[in-house]
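Trainee: Okay, here's the structure, questions in a sec.
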Amino acid sequence: MRYQLKALKDEKKLTLMSGGKFTRAFQNSHVLTNNDKTMIAHLKGDTRKQILLNILENPEITNQEISEKLSLNKSTTYWHIEKLREDNIVFSKADGKFTKYLINPAVEPDLLKWFKT
């Protein structure tokens, strides 16, 4: 499988995108932007998808509130949010002793597009 993926990549028929322990393959059709590919990679996992939905529905939600709503450990929620922050999908703002999370307005239309499909 790796050999075939590498061959298709070398022939410029595929784009490979590494993210953590997974590598995603995208056809080089120029239909998807890099931003789209990043969104798809994050929306593949149910946990991250649910976190994003909660942030979309409740701007300025805290890690603790997300953890309680999704019945997740706070460290698990934080880990997923950090991955989203690394790709500039989510940003945070300090409010006293709380950190509140919001969707980056620059990517929100693209994110909403992928939630509708």
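The values are calculated or read from the model by the stated rules, or taken from the named source; none is laboratory data. Bear in mind that the values here come from a model prediction, so they are computed numbers and not experimental data. Note that we place each Cβ from the backbone using ideal geometry, even for glycine, and neighbour counts take in every protein chain shown. Heads up: the accessible areas ignore ligands, DNA and RNA and are worked out on the full protein's heavy atoms, side chains in. Shrake-Rupley method; radii C 1.70, N 1.55, O 1.52, S 1.80 Å.
Trainee: What is the residue count in the range 84-93 for residues that are assigned to a strand (DSSP E or B) and either among the β-branched types (Val, Ile, Thr) or over 17 Å from Asp110 (Cβ atoms) (or both)? Step through it out loud before you land on a result.
Mentor: Keep residues of the range 84-93 that are assigned to a strand (DSSP E or B), which gives 90-93.
Next, from what is left, pick out any that are either among the β-branched types (Val, Ile, Thr) or over 17 Å from Asp110 (Cβ atoms) (or both): 90, 92-93.
Qualifying residue count, the range 84-93: 3.
Trainee: Open to solvent by less than 90 Å² (accessible area, probe 1.4 Å), at pLDDT 90 or above and touching a Ser or Thr at 6+ places or on another chain (Cβ under 9 Å): does that describe Leu32?
Mentor: Details: open to solvent by less than 90 Å² (accessible area, probe 1.4 Å): yes; at pLDDT 90 or above: no; touching a Ser or Thr at 6+ places or on another chain (Cβ under 9 Å): yes.
It is false that Leu32 is open to solvent by less than 90 Å² (accessible area, probe 1.4 Å), at pLDDT 90 or above and touching a Ser or Thr at 6+ places or on another chain (Cβ under 9 Å).
Trainee: Okay, moving on. Might you let me know whether the range 21-30 holds any residue that is in a loop (DSSP other than H, G, I, E, B) and over 26 Å from Arg85 (Cα atoms)?
Mentor: Restricting attention to the range 21-30, the residues satisfying the condition of being in a loop (DSSP other than H, G, I, E, B) are 21, 28-30.
In the following step, the residues that additionally are over 26 Å from Arg85 (Cα atoms) were identified as 28-29.
Yes, some residue in the range 21-30 is in a loop (DSSP other than H, G, I, E, B) and over 26 Å from Arg85 (Cα atoms).
Trainee: Further, regarding this structure: Cβ-Cβ under 9 Å, sequence separation 6+ or interchain: first residue in the range 58-83 and within 14 Å of Asp95 (Cβ to Cβ) and part of a helix (DSSP H, G or I), partner at pLDDT 95 or above and open to solvent by less than 30 Å² (accessible area, probe 1.4 Å). Which pairs?
Mentor: Every condition considered, the pairs that remain are Asn63/Thr77; Asn63/Ile81; Asn63/Tyr101; Gln64/Thr77; Glu65/Asn54.
Trainee: Kindly provide the set of residues from the range 84-112 that are basic (Lys, Arg) and free of Cβ contacts under 8 Å to residues at least 40 places away in the same chain, ordered by number.
Mentor: Arg85, Lys93, Lys97
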